[in-house]
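Below is one structure, written out as structure tokens, with a few remarks after it.
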Amino acid sequence: MTMSTTYNDSPCGHYSDSEESFEYPPLSRPSCQQSGCFKCSSNATQAESRFHGGLRSTRHRKSVSFDSIRILEFPPALGDNPSVRDGPPLTLSWRPQRIKEQRLDVYEIFRDRRRERPDLFLPTSLRIKTLLLEGYTEEELMDASAECVKVKRERFVSATNEL
């Protein structure tokens, strides 16, 4: 499975993926009269007007606060990263399957604990099951696994030839 993505430098985050296009919806910005709206402030705590070594030195105290967050959930997809021990690699699709906005304080109350590094690894059987449920064929999974083995072998040969 080959996926080509073309990025556009437009501020709306527009990109084209497999001849289809997708635009992220704009963030809603509450007016500054509302309490708890997005705020950004920059207060100079010390400003020096002299030059030191040709550079002006200014210290700023900056703060940013958010009232709500946007969560984009991406479906799993067949990847191409050969760092898996065995089986097909898993990645995230380019298209979000769900977008939701939530108040930050509510999110912080109900979010799961941050996972440790070992918890982030998925066993081969779970990656295979996930990809099959996403509609990939066993042949596609075997091809991706074989490609990972090939790339790892090529990297090993390249690294040993360098010594």
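Of note:
Every residue, every condition in (1) within 15 Å of SER83 (Cα to Cα); (2) in contact with a Pro (Cβ under 8 Å, 6 or more places away or on another chain); (3) of a type in the set (S, T, N, Q), yes or no:
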position: PHE121; (1), (2), (3): yes, no, no
position: SER125; (1), (2), (3): no, no, yes
position: LYS129; (1), (2), (3): no, no, no
position: GLY135; (1), (2), (3): no, no, no
position: ALA146; (1), (2), (3): yes, no, no
position: VAL151; (1), (2), (3): yes, yes, no
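- Some residue of the range 71-94 being modelled with pLDDT under 95, closer than 30 Å to GLU138 by Cβ and either part of a strand (DSSP E or B) or among the basic types (Lys, Arg) (or both): yes
- Residue, nearest to the chain's Cα centre (by Cα), within the range 58-79, restricted to residues that are more than 20 Å from LEU133 (Cβ to Cβ) and of a type in the set (D, E, K, R): ARG70
- When ARG103 is tested against (1) within 21 Å of THR130 (Cβ to Cβ); (2) surrounded by 13 or more Cβ atoms within 10 Å (Cβ to Cβ); (3) at pLDDT 95 or above; (4) of a type outside the set (Ser, Thr, Tyr), just one condition goes unmet, and that condition is (1).
Each row is one residue, and each column tells you yes or no for (1) in a helix (DSSP H, G or I); (2) at negative phi.
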| position | (1), (2) |
| --- | --- |
| ILE99 | no, yes |
| ILE109 | yes, yes |
| ARG113 | no, yes |
| LEU122 | no, yes |
| ILE128 | yes, yes |
| LEU131 | yes, yes |
| GLY135 | no, no |
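The values are calculated or read from the model by the stated rules, or taken from the named source; none is laboratory data. Since the model is a prediction, treat every value here as computed from it, not as a measurement. Ideal geometry is used to build each Cβ from the backbone, glycine not excepted, and the neighbour counts take in all protein chains shown.
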